[in-house]
Amino acid sequence: IFPPSTAAAFDGAFDLIHNKVDDGMLTRAHKLLAPIMLRRLKSQVENRLPPKVETKIECPLSPMQTFWYKRLLLKEAPTMLKQLEAANTAANQPEPGSAAAMAIEADAAAA
């Protein structure tokens, strides 16, 4: 589509490997492309679509998800982690002998 001279000018102006962008060339490219670019919302194009319906379904984390959530996000707050572990029910505890249970025991022994 573009002649070799244009491609060479583009490659020289936008050298992303070396993080180099020619601002003047970028401005000219915006002016060149503005008349042919359309930015429209779906509601402007197709007005017969029904309104968007959003449904939120809350579900509990699995025992493994709970373990990793606490381990990764709360590792900076050991006191808070201990409180959460104490409040956790037996159904949400990892199975005895699993990697998660052993890691919790190792954390408790280290504290």
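Quick notes
- Under 24 Å from K70, Cα to Cα: lysines that are on another chain or at least 8 residues apart: K56, K82
- Cross-link partners of K31 among aspartates and glutamates (Cα-Cα below 16 Å; sequence separation of 8 or more within a chain): D22, D23
- Local electrostatic count, A29, Cβ distance below 12 Å [Lys/Arg +1, Asp/Glu -1]: 0
Read-outs: derived from the displayed coordinates by stated rules, not from any lab. Small disclaimer: the values here were computed from a predicted structure and weren't measured. For neighbour counting, all protein chains shown are included, and Cβ atoms are generated from backbone atoms with ideal geometry for every residue, glycine included.
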